[in-house]
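What follows is a set of notes on a single structure, which appears directly below.
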Amino acid sequence: MGPPKVAIVGASAAGLIAAYNLAKNGVPVEVLEAQKDFEPLERTLIVTCAIESLIDFDFSETILNDIKNFRLISKNRKVDIPLSKADLVIERRNFLRLLYTKAQEEGVRIFLGRRVRRVDRYENFVKVTCEVDGNLEEIVADYAIMANGVQGLDFHRPCTTVGISQARVDLPKNTDKSTVHVWFDPSTTRFFYWLIPESNESAVLGVIGQSKKEAERLLITFMNKNGMRPRMWQNSEDVPLPTLKKSRVSLGDGRILLAGDSAAQVKATTVGGLVTGLKGGISASYIILRRKDSRDLLRSLEKELLIHTIVRGILDMFNETDYDLLIKIINKRLLSLFERVTRDELSKMSFKIFLSQPKLFGLLLRVFMRKIFSQWRQKGKLSRGRDVLPIDLV
């Protein structure tokens, strides 16, 4: 009995890394991509050094800059968080093109202009129906991996999406090109704004909103307020936002797998999905290859995503004063922890955070109690009055 044949829907990072991995292990792979010409949208991304453990080839040509420091800014405070190992600023289009080439070199067959209309699971195989120049084409395979982004969410659990807007701007004067700036302004967005330097001359400014239109509006307002002008707009995008419900990565008996944005494998804190999408694609390939560690990698990924989702739920309750307090209580022990552990390894720091700074308990108590009081007031169980706990709790 020969190796299984795999059809992968979508030439995304998750889809291409899965194809590359499978082909390296002798599995026939076909990637079905809707674009007639493979032209990924240009977008500047920032990733942690965790990506280096997932890629076994040189991708330095896609790296624009190294980041050695994060500056977190609230309404009245700011703090610098140095990194012991630099984050990488990557141009997504070039990274995907490189993955595309590497997959082809391993023997992956990539078919462009194939818009998948349906995927049907039978007892021993799957059938993928695509539209090609107005005609329907059927492909039979042993397994299918859905890696076509938010379009694949139809196969997934109920999941919300948020919008990202980003523009290239001039790097502001006296701004260190190795420092990312992050602004927390819960009066405008429950997420944050960022400035990621690409070089000595340029950076990308971005924001996450409830929708693409809202994100675009917020970014324009922020630029006008801070005297910035866009050199070039990078396309706004919808990104899945995971919920506390367990991620669904397979359907039926596991012949249809999901990876990347199609499985909502996105960090809810930062809405970043490149590293997690790569992990999802690799996990899917390991499951098909029946590797003993396939479930371990998937469980590890699901654990990380769950922690990020819980943290996002807490941050969504923060107001301006809470962010001021959070930055105020970041001490040397917390800085040391943040310096050594990346945001792709939150499970390694969950409890250490509170041991490093016990005042975080007071901040969380303040946030949770305010939420409870607010709900009681809405139900008429609490009279009008001060709805914020004293600051000296922390």
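The values are calculated or read from the model by the stated rules, or taken from the named source; none is laboratory data. On a predicted model such as this, the values are computed, not experimentally measured, just so you know. Cβ: placed from backbone, ideal geometry, glycine included. Neighbour counts: every protein chain shown.
Going through (1) part of a loop (DSSP other than H, G, I, E, B); (2) more than 22 Å from the chain's Cα centre (by Cα) one by one, residue 7 falls short only on (1). For the list (1) surrounded by fewer than 17 Cβ atoms within 10 Å (Cβ to Cβ); (2) over 21 Å from residue 286 (Cα atoms); (3) touching a helix residue (DSSP H, G or I) at 6+ places or on another chain (Cβ under 6 Å), I need the number of the one condition that residue 107 fails. Status for residue 107: all satisfied but (2).
Checked against (1) of a type outside the set (A, V, I, L, M); (2) touching a residue at least 60 places away in the same chain (Cβ under 8 Å); (3) in a loop (DSSP other than H, G, I, E, B); (4) over 28 Å from residue 269 (Cα atoms), residue 58 meets all criteria but (2). Taking the conditions (1) buried (at least 20 other Cβ atoms within 10 Å of the Cβ); (2) of a type in the set (D, E, K, R); (3) without any contact (Cβ under 8 Å) to a residue 12 or more places away in the chain in turn, residue 332 satisfies each one other than (1). How many residues does region 283-329 hold that are under 17 Å from the mean Cα position of the chain (by Cα), polar (S, T, N, Q) and crowded, with 18+ Cβ neighbours inside 10 Å? The qualifying residues number 2. Annotation for region 212-224: no member residue is outside the structural domain of residue 28 (by TED's automatic domain parsing) and in a strand (DSSP E or B).
Output yes when any residue across region 161-177 is surrounded by fewer than 16 Cβ atoms within 10 Å (Cβ to Cβ) and among the basic types (Lys, Arg), and no when none is. Within region 161-177, one or more residues are surrounded by fewer than 16 Cβ atoms within 10 Å (Cβ to Cβ) and among the basic types (Lys, Arg). What about residue 236, is it modelled with pLDDT under 95 and outside any loop (DSSP other than H, G, I, E, B)? So residue 236 fits the description; yes. When restricted to residues that are part of a helix (DSSP H, G or I) and in contact with an Asp or Glu (Cβ under 8 Å, 6 or more places away or on another chain), region 334-366 contains 4.
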